[in-house]
Amino acid sequence: MPVSHPSSIRRTLAIISHPDAGKTTLTEKFLLYGGAIDLAGSVTSRRDRRATTSDWMELEKQRGISISSTVLQFTYGGFHVNLLDTPGHEDFSEDTYRVLTAVDAVIMVVDAGKGVEARTRKLFEICRLRGIPIFTFINKLDRPTRSPIDLVDEIENVLGIASHPMNWPLGDGPRFRGIIQRADGQLNLFEKTKAGAYRAPVSVMGLTDPAVREHVDGDLVDKAIEEMELLDIAGAPFDQERVLKGELTPVFFGSAANNFGIQLLLDGFLSMAPEPSGRKSGETLIEPEDKRFSGFVFKIQANMNPKHRDRMAFIRIVSGKFERDMQVWHGSAAKQIRLSNSQKLFAQEREIVDEAFAGDVVGLVGNQPFEIGDTLTTDSSIKFDEIPVFPPECFATIRGRTTATAKRFRAGMDQLVREGVTQLFESAAGTTMILGAVGPLQFEVLKYRLETEYGAEVVLEFSPWTVIRWLMAEGEPVGGVNAPTDDLPGGCALAKDSAGHWVVLAEAEWALRSFKRYHENWELAERLVK
Ligand code: GDP
């Protein structure tokens, strides 16, 4: 019998949602079904974390948001599942985008009472750009919901993706009775479990079985049958090819808090989700089965545990086999390094990883000068495409408040910018540090972490800029020590990015338009693609 490649049983995903739709609860239930823990409550991640762990999670506590992303691994049905957590706040998006570069599929959680919400839409667009398969879980059926037909319509119309409900709800809110598998017409009867802590008992019967009407009001059954007939006629047919291309989303219904529909979602997801996909190095696709080890850094996080003062770089393995202590080529530092401190995170506990395969995510602890997007490989000719940097939309200046903590301020800035907490620019005169971020919360996180982790007091002031463009000449970014012009219209300023490329900062589109009139020969780029 042919032995399948270890990567073929890996599945790597993230769950995306608008805050409060139920991402954390669903994550906990997955772990419960994955047999990784006995009681879902024991990793009630955020709530527990708030009470017990590191200081910088204080900000999370104060703001009620999840700032850090964690990687969870569990096994289920013969699969090794890597579940990458994404931060849940509307503002805090760059980090999430990077996490999405490391997964092969996503599950989008939608609150059945609210439908598709703002942040879901934004995250969804990013997934679409990457063409990753998207699975939908419509949650909170135990609460009064919008009509399921409307919800499915909304997914199609608002998100512009075809959908195929794999199952269908029977009633909602107090009259929620279960979900029906469309493929075989089996009804899974809903039974409320005590606080949703254990696996929900499920009794299954055929929808046409007369016994069903002993449990469920006839009008609900009739309505569900009618709706499913409508889906059969008017809905998109199931098509695995289109699922893999991210053109059709399989839809599942359930209630995460009640553990209901979770196993159907997990089984369905694992039967349809793709194996780890390769990544491009220039024009070449590096496949998971490639013997050469390769991976890329998609997230860096320091001081996860203030007692240890550590720094963890998260690597998504693209090909080959990872072994602890292996030597790899670190391209951006142009040297060979030994990967000695490998860990995988399991909730708050860490386990040492000895080997891992394509699709897996490992955390490397230590002081290697990794940066987001770096390639690590046993073959120095492999270099993965850059992780896109998103153009900032808000800006602020920052400086240390006292000279006494200047050194700590610099060390903290260096680390946190490397982590990608914000982007850093320098004023044209080289005298002021300018921060750029997609959302202003990133500034708050930076300030908070500088103060709590580095003991550096800072002064942070918001700047009026909202638009950034890189100055380009003949397709190349404009560099050089001296500002390329001092001829600037009102509402504009020049600055340099961390690589020394000149950018124009504008207060608004109108100011940018004036700048373009002043400098017709320059092209302006919204972002640099290296
Ligand atoms: P997140 O912000 O997306 O991670 O959402 P959480 O998982 O923290 O859930 C937000 C709130 O919705 C919490 O109070 C959950 O207990 C609740 N919740 C999650 N799933 C369900 C569900 O199926 N039914 C009901 N009624 N509440 C739920």
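Scanning segment 99-119 for residues that are crowded, with 24+ Cβ neighbours inside 10 Å and away from the ligand (no atom under 15 Å from the Cβ) yields 102, 103.
Before we move on, is residue 149 touching a Ser or Thr at 6+ places or on another chain (Cβ under 9 Å) and in contact (Cβ under 8 Å) with a residue 24 or more places away in the chain? Show your work before the answer.
Values: touching a Ser or Thr at 6+ places or on another chain (Cβ under 9 Å): no; in contact (Cβ under 8 Å) with a residue 24 or more places away in the chain: yes.
So residue 149 does not fit the description; no.
Within segment 224-261, take every residue that is without any contact (Cβ under 8 Å) to a residue 40 or more places away in the chain and charged (D, E, K, R) and give me the one that is nearest to residue 107 (Cα to Cα). Steps first, please.
Here is the first cut: in segment 224-261, the ones without any contact (Cβ under 8 Å) to a residue 40 or more places away in the chain are 225-226, 229, 232-234, 240-241.
Still in the list and also charged (D, E, K, R): 226, 229, 232, 241.
On the way: 226: 28, 229: 26, 232: 24, 241: 17 Å.
The residue in question is 241.
Scanning segment 415-452 for residues that are among the β-branched types (Val, Ile, Thr) and in contact with a Cys (Cβ under 9 Å, 6 or more places away or on another chain) yields a total of 1.
Within segment 121-133, residues that are under 17 Å from residue 386 (Cα atoms) reach partners that are among the aromatic types (Phe, Trp, Tyr) with beta carbons closer than 8 Å, at six or more positions or on different chains, in the pairs 126/97. Of the strands (runs of 3 or more DSSP E) lying entirely inside segment 338-405, those containing at least 2 residues that are over 30 Å from residue 463 (Cβ atoms) and at pLDDT below 95 are 342-346, 349-352, 355-357, 361-365. Of all residues in segment 15-27, those that are within 6 Å of the ligand (Cβ to nearest atom) have Cβ atoms under 7 Å from Cβ atoms of residues that are among the β-branched types (Val, Ile, Thr), 6 or more apart or on another chain, in 17/109; 17/120; 21/109; 21/110; 22/109; 23/15; 23/109. Just one of the numbered conditions (1) at pLDDT below 90; (2) more than 16 Å from the ligand (Cβ to nearest atom) is not true of residue 93: (2).
Selection of first residues in segment 427-443 that are farther than 11 Å from residue 496 by Cβ and of second residues that are of a type in the set (D, E, K, R) and surrounded by 20 or more Cβ atoms within 10 Å (Cβ to Cβ), restricted to Cβ pairs under 6 Å at least 6 apart or on distinct chains, gives the following pairs, ordered by first then second residue: 438/94.
Scan segment 509-530 for residues that are within 18 Å of residue 425 (Cα to Cα) and assigned to a strand (DSSP E or B) and the total you get is 2. Applying the set (1) in contact with an Asp or Glu (Cβ under 6 Å, 6 or more places away or on another chain); (2) charged (D, E, K, R); (3) part of a strand (DSSP E or B) to residue 316 leaves exactly one unmet item: (1).
Kindly provide the set of residues from segment 474-508 that are part of a loop (DSSP other than H, G, I, E, B), on the phi < 0 side of the Ramachandran plot and within 32 Å of the chain's Cα centre (by Cα), ordered by number.
Just the residues of segment 474-508 that are part of a loop (DSSP other than H, G, I, E, B), to begin with: 474-475, 478-491, 498-501, 507-508.
Filter once more, keeping what is on the phi < 0 side of the Ramachandran plot: 478-479, 481-490, 498-499, 501, 507-508.
Matches in segment 474-508: 498, 499, 501, 507, 508.
The values are calculated or read from the model by the stated rules, or taken from the named source; none is laboratory data. This one's a predicted model, so the numbers in the text were calculated from it and none came from an experiment. So basically every Cβ, Gly included, is an ideal-geometry build from the backbone, and we count neighbours across all protein chains shown.
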